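In what follows, a structure is listed as structure tokens, so that the remarks can point back to it.
The values are calculated or read from the model by the stated rules, or taken from the named source; none is laboratory data. Note that the coordinates shown come from a computational prediction; the quantities given were computed from them, not determined experimentally. Backbone-built Cβ (ideal geometry, glycine too); neighbour counts: all protein chains shown. When the accessible area is computed, the model is the full protein with side chains, heavy atoms only, and any ligands, DNA or RNA have been set aside. Shrake-Rupley method; radii C 1.70, N 1.55, O 1.52, S 1.80 Å.
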Amino acid sequence: MSQDLRSLLEGVRNRDRSSLARALSLLERQPDRGQIPLLERSGHATVIAVAGPPGAGKSTLLGRVAAEMSMRDMSVAVLAFDPVSPCSGGALLGDRIRMLDAAEHPNVYVRSVAARDPAGSPVLPALLAVLDLYGFDVVFLEAVGAGQEASPLLLAADLALLVLVPGLGDSVQTLKAGVLEIADLIVINKSDRPGAAELVRDLSAYYRLLTGTSHPVPPILQTVASEGQGITAVVETIAELRDRYAASGILEDRRRRAATRLWQHSLRTRCLRIIDEVLNDGSTSVDGAHGASTRERQLYRKLAERFALLAASSDDSR
């Protein structure tokens, strides 16, 4: 581990906000540092992934929930995975703007992260480990949407919170989002709009179809986050679910499976990166079919050399 990262992590352990911000930035810029064995989650923080369609009010809801938790003497971090800027390549900060009030609380930390397939690189486990090291009680991972792009975050979390909103068309279409099956809590935000009761009815009917399966029926709550309505119920339900899952062993099992999935995903990504680099280094081009066999053998030798160097580097970092 480099000396700069060691000193930053020591500052994080001492709950220094500046060290926390710099350590997270360093890991985002150099995600392979996150493979250092010392960066492992302690398990103190409850990690909650939040997904929902654009316009559902996820950021406003999270801002209110984080502020409520802060007033209950809980420390909260929010990683908002924003769309990637086409100019700078960084996060657009749109979600963070909607949480400015919550970020003023001393126990709340909000950070935008560019959504470049977050669970497909080593960066997510490292970021979670650093936030855990700091001592946060709750870490929210706000996904960009509610489709397949949200699944990695949902599968990496202790709890999955799905935010829906009435008035987006046929509510049955919402059931095709693919995250209902792993949602632990569903929040119908903007429930003062027409169609809220129908959406609750359709969701309840959906889960009745799953009766008799191993899938637990998630609580369905209604909020108006912009007015602060229903926030207390969300905070209390999160605490209840966390305690119940911890007592039953579900939480421990989820963390074990999530750690395995994230490790496999990040390892696969690093291997594919090496393959792409070797294929694109200009020395593996083939003119037609002639010489393909020779080029293929050269490719395998180069890959073997690169993977051998990666293995040696991994041994040296221990």
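Take each peptide in 48-61, 179-192, count the other Cβ atoms within 10 Å of every residue, and average; sorted highest first, the result is 48-61, 179-192. Estimated at the nearest 10 Å², the accessible area of SER204 is 40 Å² with a 1.4 Å probe. Overall, the range 185-276 carries a charge dipole of about 600 debye about its Cα centre when +1 sits on the Cβ of Lys and Arg and -1 on the Cβ of Asp and Glu, all other atoms neutral. Less than 14 Å from a label point 7 Å out along the Cα-to-Cβ axis of ALA246: which backbone N atoms in the range 48-85 qualify, by residue? Counting only backbone N, you get 48, 74-75. Under 5 Å between amide hydrogens, built in the peptide plane, is the criterion, and for TYR109 it picks out VAL76, ALA77, VAL78 among residues at least 5 positions away or on other chains.
For a Förster distance of 41 Å, can you work out the FRET efficiency between the beta-carbons of GLU227 and ARG15, rounded to the nearest 0.05? Efficiency, rounded to the nearest 0.05: 0.80. Applying 1/(1 + (r/R0)^6) with R0 = 45 Å to the Cβ-Cβ distance of ILE275 and GLU236 gives a FRET efficiency near 0.40.
Placing dummy labels 7 Å off each Cα toward the beta-carbon, the span from ASP253 to ARG297 is 5.1 nm.
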